[in-house]
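Trainee: Sending over a structure as structure tokens; questions will come in a sec.
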Amino acid sequence: MGRASTAVGRRRAAPVTVRTVVGSDGTTRTHHVDGRLAHLEATPTDSLPQVWNGRWHRKARSADRTNPVARRQQALARWLGVLFAVGSVLFIVGGPLSLAGASQGTTLDLLGSILFSVGAVTALLEAVGAGRAVGAGGWWRTVAGKASLIQLVAAGVVFQTSTIAAQLGATGAAAFWTVWCPSVLGGVGFVWSGLLYLAEARPAHDLGTRVAAVNLVGSWLFLVSALPGLVDPDLGERWADVAVNVGYTVGSVMFLVGGIGAVVEVSRPLPAAGSRFPAPPPDIPAR
């Protein structure tokens, strides 16, 4: 018989449950995010400690290079970072052009949003592959499964709608409903998924944690930057034009840093106790 202690907290929008079980064979500490296992630390009494993290597993960190599944996960992780980084560069260049009144700014925003959408699809494929590798009872039952679905809807559907409408030249009430409302809703989706990704990565306290944190800052900036458009859909006032374009540009810088970090992260070695790919299935329920 062992004893268990459970702490439940709400870190912004992601409910986190931390449970510690102490038994005769050792101690196990689990972190669940929204009922999904995100992190596990096992300290047996007769062997070395082992640590598993959902983000480590999903990106196949320090995995056997001969494992074809691991190589696929690593390739997806790198492409994910590249797509968001290049898309961010297009947003960064497009911001000043839009401020200057050049139509190329809107075109670059559309191209950047397309790369973000492809990146969101890549994130979903990454989550699917990781979930299947551990037999998690359905990839959608993982933290990344839920986060990637939310991100795909936010980037691939809602936010993409706003950039297409802007490219088509929507103004007035049409801009309010087809550009700025979707931009705000897309920003909410980015923030929601970003909170889940950060809650998953937080217990690891490594580069992946910092990447998730930087991406969450970028998500908040994308959300806040869309709000002036609800007040002035045509951005006729200088303050609204500056707030929107500067906000999106700074947010894109955050996503650029996060994208580069995501590429570097794949090659970073795990701690000595880190579980290699494939890890044990995350089937420990929250209590």
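The values are calculated or read from the model by the stated rules, or taken from the named source; none is laboratory data. From a predicted model like this one, the values you see are computed outputs, not experimental measurements. Please note: Cβ atoms are built from the backbone with ideal geometry, for glycine as well, and neighbour counts cover all protein chains shown. We work out accessible area using only protein heavy atoms, side chains counted, and drop any ligands, DNA or RNA first. Shrake-Rupley method; radii C 1.70, N 1.55, O 1.52, S 1.80 Å.
Trainee: May I ask you to give the solvent-accessible area per residue for the chain, in square angstrom, as obtained with a 1.4 angstrom probe?
Mentor: 45
Trainee: DSSP H helices in the chain with Cα extent of 18 Å or more along the helix axis and mean Kyte-Doolittle hydropathy at least -0.5?
Mentor: Membrane-span-like by this criterion, though nothing is claimed about a membrane: 68-99, 104-134, 181-201, 207-231, 238-266.
Trainee: If you put +1 on each Lys and Arg Cβ and -1 on each Asp and Glu Cβ, how big is the dipole of the chain around its Cα centre, in Debye rounded to 20?
Mentor: Value, rounded to 20: 980 debye.
Trainee: Over the Cα atoms of region 188-256, what Rg and Dmax result, in angstrom?
Mentor: 14.1, 46
Trainee: Within 14 Å, Cβ to Cβ, of F176, how many net charges do the neighbouring residues add up to if Lys/Arg are +1 and Asp/Glu are -1?
Mentor: Neighbour charge sum, excluding F176 itself: -2.
Trainee: Given a 1.4 Å probe and every protein chain left where it sits, what share in percent of the accessible area of the chain is carbon and sulfur?
Mentor: Reported share for carbon and sulfur atoms: 66 percent.
Trainee: Would you mind checking the radius of gyration and Dmax of the chain based on alpha-carbon positions, in Å?
Mentor: 20.5, 70
Trainee: Still on this structure: Kindly work out what percent of the DSSP beta bridges joining two residues of the chain are antiparallel, to the nearest 5.
Mentor: 95
Trainee: What order do you get for 145-155, 245-255 when each peptide is scored by the mean count of other beta carbon atoms within 10 Å, highest first?
Mentor: For the peptides 145-155, 245-255, the packing ranking is 145-155, 245-255.
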